[in-house]
Amino acid sequence: MSTRGMVIIGGGETGASAARTLREEGWQGPITLIGQENLAPYERPPLSKGALALGSEAAPAFILKEQTLEELSITWVREARAVKIDRDRHIVQLADGQEIAYDKLLLATGASPRKLTLEGSNTTSVMELRTFADAERLRSKLEAGRQLVVIGAGFIGLEVAASARERGCQVTVLEVGHRILMRGVPLGIAQAVEARHREAGVNFQLGVGIERIESASGEQRITLANGQELRCDAIIAGIGAIPETSLAAACGLDVGNGILVNDRLATSDPTIYAAGDCCAFPHGVYGGTRIRLEAWRNAQEGGAHAARNMLGADQPYEAIPWFWSDQYEQTLQVIGLPDASTLTVQRHTEDESLFFFHLDDEHRLAAASGIGAGIAKEIKLAEMLIVKRAVLDPVVLAAPGLKLKALLKELS
Ligand SMILES: Cc1cc2nc3c(=O)[nH]c(=O)nc-3n(C[C@H](O)[C@H](O)[C@H](O)COP(=O)(O)OP(=O)(O)OC[C@H]3O[C@@H](n4cnc5c(N)ncnc54)[C@H](O)[C@@H]3O)c2cc1C
């Protein structure tokens with residue numbers, strides 16, 4: 001291999017994990033990490049949680065500090081947007097005209113917030129939350145007594161609602177769907193989350209469309225499709241994210257809902273890989289179903305996995321999807337793909353935790369989700385059962401005294 005080196009576009013969780021792994025796996029050639037933000041790679045999950053909490057320090061939680069980047073001899077090109085990939089010449093072009101040559105390239109471009117396209121909605125009237133700068137702006141609006149409207153009852157919207165309530169804001173959540181957490185979370189968990197929010201004083205309006213937004217002298221007015229008007233001090237939208245595929249599409253790589261990669265995380269060009277929120281990969285454990293995840297662990301593990309394959313490991317990526325969310329004192333976790341299931345079994349444990357086990361047609365464990373204090377260990381055990389493609393008895397799973405550990409032992 002020549003000394004053009006490894007180039008990574010995107011300095012988020014995925015890009016940082018890949019860069020670090022390349023060094024840890026012994027790559028001694030150049031590594032260039034290109035990021036359009038001005039901060040070294042930092043964690044996004046705290047942006048809707050701790051970064052908004054009262055009394056917390058508004059400092060980014062760095063994944064790779066600048067000093068570490070230096071120590072690892074990773075060239076960090078900040079505030080630089082990659083605008084073109086010349087696949088014939090193996091060159092990435094930046095917005096300022098600079099050209100960076102690669103042997104292998106990783107696209108770790110992540111996703112961007114889906115924009116509201118309503119009359120009156122723009123970046124001034126409606127906030128979004130993806131970057132540390134977004135979190136700082138939101139934080140400055142969360143003064144006690146202020147009225148905040150959250151558009152979208154997905155994870156980010158609900159985490160913001162919880163943080164804002166804890167800071168003493170009045171919070172209304174507007175959701176066009178008829179329930180909260182529509183994607184990837186069973187109804188029972190969504191109900192438990194909603195009940196906790198209502199107890200904290202969050203006002204929900206579900207199944208409502210929005211007509212327009214008007215802003216005048218610091219106050220905003222939202223007109224709902226049913227004619228109702230809401231006045232508030234600030235609006236934040238958490239209505240999903242769109243994978244950043246434009247660079248990949250422009251240079252002729254296969255894209256769909258994400259950059260399409262194979263199970264090695266290689267794109268349709270074998271010298272270019274993609275991982276994290278921006279890519280869609282076929283999952284061996286789920287019959288090769290192509291999935292795109294927006295989850296922290298996938299970003300971290302996918303980045304590391306792509307890095308190893310860029311160095312020649314040639315291993316399939318089969319990490320089981322895992323997601324968590326913290327709202328108030330509650331944690332919820334989802335392991336696996338609930339959507340791949342046809343049967344759901346519920347179990348309440350003595351410590352008030354609530355679990356759902358999601359089985360496929362053959363009663364193989366496809367996913368498990370839980371909410372409550374003691375869920376982490378059980379979800380970890382459920383992950384091991386998914387990896388083993390365990391066939392489980394729904395009656396056994398529902399028993400309150402069930403020990404997943406015992407089920408695992410029986411299988412080994
Ligand atoms: C507020 C918030 C809370 C979250 N909470 C949780 C949680 O509780 N649990 C969980 O599992 N997951 C959570 N996530 C999801 C998790 O943070 C993401 O899945 C993860 O950050 C994705 O990492 P990534 O590197 O793929 O993408 P990103 O983090 O989006 O990083 C991509 C980077 O690439 C840069 N980039 C894009 N295009 C270019 C270009 N052309 N040139 C240069 N740079 C470019 C972007 O500016 C960005 O810095 C949360 C996400 C957010 C936003």
Q.
Within segment 225-244, does at least one residue satisfy the condition of being within 14 Å of the ligand (Cβ to nearest atom) and either assigned to a helix (DSSP H, G or I) or farther than 30 Å from LEU158 by Cβ (or both)?
A. no
Q. Out of all the residues in segment 48-70, is one or more within 12 Å of the ligand (Cβ to nearest atom), in a strand (DSSP E or B) and surrounded by fewer than 21 Cβ atoms within 10 Å (Cβ to Cβ)?
A. no
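Looking at GLU294, GLU352, GLU362 in this structure, which one is open to solvent by 40 Å² or more (accessible area, probe 1.4 Å), farther than 22 Å from ARG389 by Cβ and over 19 Å from the mean Cα position of the chain (by Cα)?
Numbers: GLU294 fails: over 19 Å from the mean Cα position of the chain (by Cα); GLU362 fails: farther than 22 Å from ARG389 by Cβ.
None of the others qualify; the one that does is GLU352.
Which count do you get for residues in segment 395-404 that are exposed (fewer than 13 other Cβ atoms within 10 Å of the Cβ), over 12 Å from GLU350 (Cα atoms) and not basic (Lys, Arg)?
Initial filter on segment 395-404 (exposed (fewer than 13 other Cβ atoms within 10 Å of the Cβ)): 395-396, 399-401, 403.
Applying the additional criterion that residues be over 12 Å from GLU350 (Cα atoms) yields 395-396, 403.
Now restrict to residues that are not basic (Lys, Arg): 395-396.
The qualifying residues number 2.
Restricting to segment 109-123, and then to whatever is within 15 Å of ILE222 (Cα to Cα) and in contact with a strand residue (DSSP E or B) (Cβ under 7 Å, 6 or more places away or on another chain), can you tell me which residue is most open to solvent (accessible area, probe 1.4 Å)?
Filtering segment 109-123 down to residues within 15 Å of ILE222 (Cα to Cα) leaves 116-122.
This time we only want the ones that are in contact with a strand residue (DSSP E or B) (Cβ under 7 Å, 6 or more places away or on another chain), so: 116, 118-121.
Values: LEU116: 38, LEU118: 40, GLU119: 124, GLY120: 35, SER121: 25 Å².
Per the stated criteria, the residue is GLU119.
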Q: Would you mind stating whether ARG44 is near the ligand (Cβ under 10 Å from one of its atoms), charged (D, E, K, R) and either buried (at least 18 other Cβ atoms within 10 Å of the Cβ) or closer than 22 Å to LEU129 by Cβ (or both)?
A: yes
(Q) Can you list the strands (runs of 3 or more DSSP E) lying wholly within segment 86-133 that have 1 or more residues being touching a residue at least 40 places away in the same chain (Cβ under 8 Å) and closer than 18 Å to GLY152 by Cβ? (A) 111-113
Q. Can you name the number of the only condition in (1) open to solvent by less than 40 Å² (accessible area, probe 1.4 Å); (2) closer than 29 Å to ALA53 by Cα that ASP269 fails?
A. (2)
**Q.** All positions within segment 1-36 that are farther than 17 Å from GLY110 by Cβ and of a type in the set (Gly, Ala, Ser)
**A.** SER2, GLY5, GLY26, GLY29
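Residues in segment 142-182 that are in a helix (DSSP H, G or I), more than 15 Å from the ligand (Cβ to nearest atom) and either open to solvent by less than 10 Å² (accessible area, probe 1.4 Å) or in contact with a Leu (Cβ under 7 Å, 6 or more places away or on another chain) (or both): how many?
Filtering segment 142-182 for residues in a helix (DSSP H, G or I) gives 155-166.
Applying the additional criterion that residues be more than 15 Å from the ligand (Cβ to nearest atom) yields 165-166.
Retained after the next criterion (residues that are either open to solvent by less than 10 Å² (accessible area, probe 1.4 Å) or in contact with a Leu (Cβ under 7 Å, 6 or more places away or on another chain) (or both)): 166.
Result for segment 142-182: 1.
For ALA190, state whether it is buried (at least 18 other Cβ atoms within 10 Å of the Cβ), closer than 15 Å to GLY157 by Cβ and among the small types (Gly, Ala, Ser). Can you show your working first?
Numbers: buried (at least 18 other Cβ atoms within 10 Å of the Cβ): yes; closer than 15 Å to GLY157 by Cβ: yes; among the small types (Gly, Ala, Ser): yes.
The answer is yes for ALA190.
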Q.
I need a count of the residues in segment 276-285 that are buried (at least 22 other Cβ atoms within 10 Å of the Cβ) and not in a strand (DSSP E or B).
A. 3
Q | Total residues in segment 81-108, condition more than 23 Å from the chain's Cα centre (by Cα), buried (at least 21 other Cβ atoms within 10 Å of the Cβ) and of a type in the set (A, V, I, L, M, F, W, C) | A | 3
Q. Name the residues in segment 1-33 that are assigned to a strand (DSSP E or B), crowded, with 24+ Cβ neighbours inside 10 Å and either within 15 Å of the ligand (Cβ to nearest atom) or of a type in the set (Asp, Glu) (or both), would you?
A. VAL7, ILE8, ILE9, LEU33
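Every residue, every condition in (1) more than 16 Å from the chain's Cα centre (by Cα); (2) more than 23 Å from ARG4 (Cβ to Cβ); (3) open to solvent by 30 Å² or more (accessible area, probe 1.4 Å); (4) without any contact (Cβ under 8 Å) to a residue 60 or more places away in the chain, yes or no:
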position: ILE222; (1), (2), (3), (4): yes, yes, no, no
position: ALA225; (1), (2), (3), (4): yes, yes, yes, yes
position: LEU230; (1), (2), (3), (4): yes, yes, no, no
position: ALA234; (1), (2), (3), (4): yes, yes, no, no
position: ALA250; (1), (2), (3), (4): yes, no, yes, no
position: ASN257; (1), (2), (3), (4): no, yes, yes, yes
position: LEU265; (1), (2), (3), (4): yes, no, no, yes
position: ALA274; (1), (2), (3), (4): no, no, no, no
position: ASN298; (1), (2), (3), (4): no, yes, no, yes
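The values are calculated or read from the model by the stated rules, or taken from the named source; none is laboratory data. Small disclaimer: the values here were computed from a predicted structure and weren't measured. Cβ sites come from the backbone with ideal geometry, for glycine too, and all protein chains shown count toward neighbours. The protein model used for the area step is the full one, side chains on, heavy atoms only, and it has no ligands, DNA or RNA in it. Shrake-Rupley method; radii C 1.70, N 1.55, O 1.52, S 1.80 Å.
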